[in-house]
Structure formats: structure tokens, C-alpha cells
Amino acid sequence: SQQGEEDPQALSIQEGENATMNCSYKTSINNLQWYRQNSGRGLVHLILIRSNEREKHSGRLRVTLDTSKKSSSLLITASRAADTASYFCATVASGQNFVFGPGTRLSVLP
Amino acid sequence: KAGVTQTPRYLIKTRGQQVTLSCSPISGHRSVSWYQQTPGQGLQFLFEYFSETQRNKGNFPGRFSGRQFSNSRSEMNVSTLELGDSALYLCASSRTPGTSGANTGELFFGEGSRLTVL
């Protein structure tokens with residue numbers, strides 16, 4: 001069964017607004033990673049958060065992890081048109097390979 | 001540092017044919033994993049190779065196979081192509097295997113090979 005599930009499936013916002021995407025998973029993990037994919041291209045790693053961390057920042061990105069709820073959120077602040085892409089969470093669990101969620105399609109309108 | 005290189009970028013095949021896709025990882029990366037991405041199924045893990053050994057395999061039929069060479073370059077092959085094999089095939093490299101637990105780091109993806117089966 002799918003480990004990571006993102007919501008919403010699609011999100012449309014105006015430039016300058018914040019975008020929040022959520023990821024839920026089912027089993028214990030070692031770390032959780034967020035990736036971005038521009039249409040038809042390869043995925044690009046954004047940020048990694050370990051199971052013993054609760055929050056991490058990288059530029060305009062803020063990731064939180066709640067292991068008790070088995071969920072993570074990705075916040076993109078002050079979004080730009082160039083942030084338009086699909087965003088995937090991927091969970092890493094012991095003995096298992098990466099499992100990617102179905103992704104959130106973000107559209108940032110100028 | 002050169003990124004992950006996948007060839008070919010685009011290809012069109014007909015049902016019943018076979019196809020070989022190639023992936024050159026980032027220098028120094030010994031792990032190469034392959035994913036199939038389709039609109040309906042999302043990103044699905046195919047297999048992973050580390051130091052020329054297949055470490056893990058996803059839930060795909062035996063028509064999907066792969067290998068890794070001593071220079072860490074990897075190929076995947078799909079035989080007897082079906083319409084449903086049309087997808088973006090992504091290769092990713094990393095320093096450590098994906099099953100390294102707490103030591104598992106990030107994946108570096110190539111741009112993918114877009115396969116269309118007619």
C-alpha cells in the first residue's frame with residue numbers, strides 16, 4: 001500500500017501567497033524527503049527531515065514532521081510563478097526503498 | 001559535477017518490441033534505482049542496484065530487468081512491450097542504497113526517458 005499520501009492533489013494560489021502541502025504515511029520512518037518535479041522532468045530534492053526532527057527550514061521552505069500523527073507538511077512562503085510544479089513526499093523506512101506519494105500539483109498564478 | 005544522465009530522452013516503440021534505457025549516475029555514486037512514472041500509478045519503484053548487485057525489486061513482471069556495470073552505469077530493459085508500459089522512466093543515483101535506514105540520503109534524478117508504446 002502507498003506509504004505517502006499528499007493532499008491536496010492540486011493547489012492554485014496567487015503569487016506572493018503561501019502554499020501548504022501535507023503528506024501522511026502509515027509506518028515508522030527513518031526520514032521523510034520532499035521533491036519537486038517540473039512538468040515532464042526529473043525530480044529535484046528539496047529537503048530531508050529525520051524522524052527525530054520536528055521542523056526544518058531551507059530558504060522559503062519550511063517542513064514539519066509529526067511522527068505521532070505520521071504526517072508532514074511543506075510550506076512554501078511568498079510563492080513565485082517559478083514554484084509551479086508537482087511536489088512529492090517520499091518516506092524512507094528501515095529495509096525499504098523510497099516510497100513516493102502521488103504528489104500535489106501547485107499552480108502559482110502571476 | 002555532472003548530474004545523472006539518462007539516454008535516450010524520448011523513444012517510440014511498438015507492441016512486442018523491446019527497449020533498453022541507460023543511466024549514468026553522478027560520479028562516486030554506487031547506487032542506482034529506477035522508477036516508472038505514469039499519470040495513473042504515480043512513481044513506482046522498479047529496482048535498485050548497488051555495486052553491481054540488485055538490492056531490491058518492485059512489483060513488476062519479469063519483462064522488466066536491469067543491470068549495473070562496474071563503473072556504476074546502469075541499464076534497464078523491457079521486453080515484449082505493452083501499451084501500458086508507456087511512461088516516464090526515471091533513474092536516480094545516491095551514495096548509499098535506498099535501504100540504508102537512518103543513513104539514507106537524498107536521491108539525484110535524471111531527466112528521464114519518455115517511452116511511448118504504440
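Values in this text are rule-based calculations from the coordinates and carry no lab data. Just so you know, these numbers come straight off a predicted model, no measurement behind them. Methodologically, a virtual Cβ is constructed for each residue, glycine included, from the backbone with ideal geometry; neighbour enumeration extends over all protein chains shown.
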Exercise. If you rank A:H57, B:H29 by fewest surrounding Cβ atoms within 10 Å, what's the result?
Worked result: A:H57, B:H29
For this session: Answer with one residue from A:T84, A:G59, A:S12: the one whose Cα lies farthest towards the positive end of the charge dipole of chain A, charges on Cβ with Lys, Arg +1 and Asp, Glu -1.
Result: A:G59
Exercise. How are the C-alpha pair distances of the stretch A:1-57 spread across 10 Å bins, as whole percents from the shortest bin up?
Worked result: 17, 47, 32, 4
Problem set entry | Stokes-Einstein translational diffusion, the protein assembly as shown - Kirkwood Rh over all Cα pairs, 1.567 mPa s, 4 °C, in µm²/s | 72
Exercise. Which translational diffusion coefficient, to the nearest whole µm²/s, is obtained for chain A from the Stokes-Einstein equation, given a Kirkwood hydrodynamic radius over C-alpha pairs, 10 °C and 1.306 mPa s?
Worked result: 115
Exercise. Charges only on Cβ, +1 for Lys and Arg, -1 for Asp and Glu: so what's the dipole of chain A about the Cα centre, in debye to the nearest 20?
Worked result: 220
Exercise. Under 15 Å from a point 7 Å along the Cα-to-Cβ line of A:N18: which residues of the stretch A:57-84 have their amide N that close?
Worked result: A:57-65, A:73-80
For this session: Please give the length that would be gained between B:S27 and B:R73 if that part of the chain were fully extended, namely 0.36 nm times their separation in residues minus their C-alpha to C-alpha distance (nm, one decimal).
Result: 15.6 nm
Exercise. Going by average Cβ neighbours within 10 Å, how do the peptides B:45-55, A:76-86 rank, with the highest at the top?
Worked result: B:45-55, A:76-86
Exercise. Once you charge only the Cβ atoms, +1 for Lys and Arg and -1 for Asp and Glu, what is the size of the charge dipole of the stretch A:1-45 about its Cα centre, to the nearest 20 debye?
Worked result: 240
Exercise. When the C-alpha atoms of the stretch B:18-118 are aligned to their principal axes, what extent does each axis show, in angstrom, from largest down?
Worked result: 40, 26, 23
Problem set entry | Two-site FRET efficiency, B:T116 against A:T27, from Cβ-Cβ distance with R₀ of 30 Å, rounded to 0.05 | 0.25
Seminar exercise, completed: In the protein assembly as shown, taking the dipole from +1 charges on Lys and Arg beta carbons and -1 charges on Asp and Glu beta carbons about the Cα centre, the listed residue (B:A92, A:L106, A:C23) farthest towards the positive end is B:A92
Seminar exercise, completed: Neighbour-count ranking for B:L115, B:L11 (other C-beta within 10 angstrom, fewest to most) reads B:L11, B:L115
Exercise. Near B:G16, within a Cβ-to-Cβ distance under 14 Å, what is the net charge of the other residues, with Lys and Arg +1 and Asp and Glu -1?
Worked result: +1
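What is the dipole size for the protein assembly as shown, taken about its Cα centre, with +1 at each Lys and Arg Cβ and -1 at each Asp and Glu Cβ, in debye to the nearest 20?
Computed about the Cα centre, the dipole is about 400 debye.
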